[in-house]
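One structure is given here, and the rest of the page talks about it.
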Amino acid sequence: MGQPADHAALLCAVADALLQARRRIDGVEVMVSDLIRQTAPEDRSTALTQAQALDVLAQEIEALSGVLRRLGQGDAPDQALGAVTLADLSVRLGAVVGVTHDNAAASDDVELF
């Protein structure tokens, strides 16, 4: 990709910061799970569905961190995006740089807790 070394270092530092944020979300997910267990049974399903948004957020942050790390290591944008396993995120990011995904996975490819 041909970028100055300080750009590469910054991209990798931001990738690391995103992974740290993702780990903090893991702690929040544990707390939310504990709270859901204390929720009235009739409200539990709704609460669990809403809480899964945290899990999707954590997976998106991890994917974005991976893209930044790959860019920082010199990968071309299409290569960096090719490693994103969240199809909807990959398609959205790819559209920005003109990368199309002919065989993108279903948009429900996130792993929910």
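Data overview
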| item | result |
| --- | --- |
| Subset of the range 57-73 that is among the hydrophobic types (A, V, I, L, M, F, W, C) and open to solvent by 50 Å² or more (accessible area, probe 1.4 Å) - its residue that is nearest to PRO4 (Cα to Cα) | LEU64 |
| Every residue from the range 20-56 that is within 29 Å of GLN73 (Cα to Cα), touching a residue at least 12 places away in the same chain (Cβ under 8 Å) and open to solvent by 50 Å² or more (accessible area, probe 1.4 Å) | ASP26 |
| Residue count for the range 57-84, restricted to those that are of a type in the set (A, V, I, L, M, F, W, C), free of Cβ contacts under 8 Å to residues at least 60 places away in the same chain and in a helix (DSSP H, G or I) | 9 |
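The values are calculated or read from the model by the stated rules, or taken from the named source; none is laboratory data. Worth saying up front: this structure is predicted, and the values here are computed from it rather than measured. Neighbour counts run over all protein chains shown; Cβ positions are idealised from the backbone, glycine included. SASA here: full protein model, heavy atoms, side chains in, ligands and nucleic acids out. Shrake-Rupley method; radii C 1.70, N 1.55, O 1.52, S 1.80 Å.
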